[in-house]
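Below: one structure, written as structure tokens.
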Amino acid sequence: TDEILNIRPNATIDSITPSSARFNTEFTFNGSGLDSDGTVLAYEWFSSIDGFLSHDKQFNTTNLSSGYHTIYFRVQDDYGTWSNRDTAVLFAIPNSQPIGLLSSISPSPAKFNSEVIFNVTGYDSDGTIVGYGWKSNIDGFLSDEKAFNITELSLGTHIISFRVLDNDGYWSEWNTTELEIYPNAYPLA
């Protein structure tokens with residue numbers, strides 16, 4: 001019988017660029033394979049965080065999760081034999097969470113049915129603020145604007161919560177402050 005001896009192919013990660021960048025950056029992967037006794041027919045890229053990435057020799061992606069990825073690359077020859085995996089490390093820098101800062105709630109405390117003015121500012125170290133959220137533990141949703149006026153707040157001590165949204169789609173933590181709405185005094189007879 002004729003026995004065919006197959007030599008395992010060799011896989012090489014030629015480049016991953018950039019090797020460290022924000023999670024939503026476009027990363028480019030390039031690999032190559034060598035089979036001394038045949039032909040390379042298949043490719044496989046795998047991430048320790050995201051799992052399977054691609055069957056292409058070269059590809060781009062913007063869909064990597066944040067964190068340190070060990071990237072594995074292997075090739076398959078025309079006998080169906082897979083190479084050992086070549087590895088590289090890639091760091092996808094996570095988004096910095098934005099911070100919402102209360103500018104003012106005025107007046108505070110406020111009379112029932114009087115106008116109350118709300119204003120918030122936000123900070124995002126790696127982007128911009130694009131959205132806002134306000135709510136009251138008594139009246140629920142108040143606004144999705146940076147600044148707004150309202151006169152219909154219920155009587156009582158409100159816990160006012162606010163937060164900001166960054167351009168990457170991440171919200172800040174809810175921040176809270178108290179606002180008392182007290183009844184109007186009645187004139188004495």
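Here are a few things to note about the model shown:
- Computed over the range 21-159: relative contact order in percent, which uses C-alpha pairs under 8 Å that are six or more apart: 18 percent
- Each Lys and Arg adds +1 at its Cβ and each Asp and Glu adds -1 at its Cβ; summed about the Cα centre, the range 77-189 shows a dipole of about 540 debye.
- DSSP bridge orientation in the chain - percent antiparallel, rounded to nearest 5: 90 percent
- Alpha carbon convex hull of the range 1-149, volume per residue in cubic angstrom: 133 Å³
- With at most 13 other Cβ atoms within 10 Å, longest stretch of the chain clear of loop GluC sites (Glu not before Pro) (DSSP): 27-114
- H69 - accessible surface, heavy atoms, 1.4 Å probe, Å² rounded to 10: 0 Å²
- The local environment of A42, defined by Cβ-Cβ distances under 13 Å, has a net charge of -3 under the rule Lys, Arg +1 and Asp, Glu -1.
The values are calculated or read from the model by the stated rules, or taken from the named source; none is laboratory data. Just so we're clear, the structure is a prediction, and the values are computed from it rather than from any experiment. Please note: Cβ atoms are built from the backbone with ideal geometry, for glycine as well, and neighbour counts cover all protein chains shown. Accessible surface areas use protein heavy atoms only, side chains included; no ligands, DNA or RNA. Shrake-Rupley method; radii C 1.70, N 1.55, O 1.52, S 1.80 Å.
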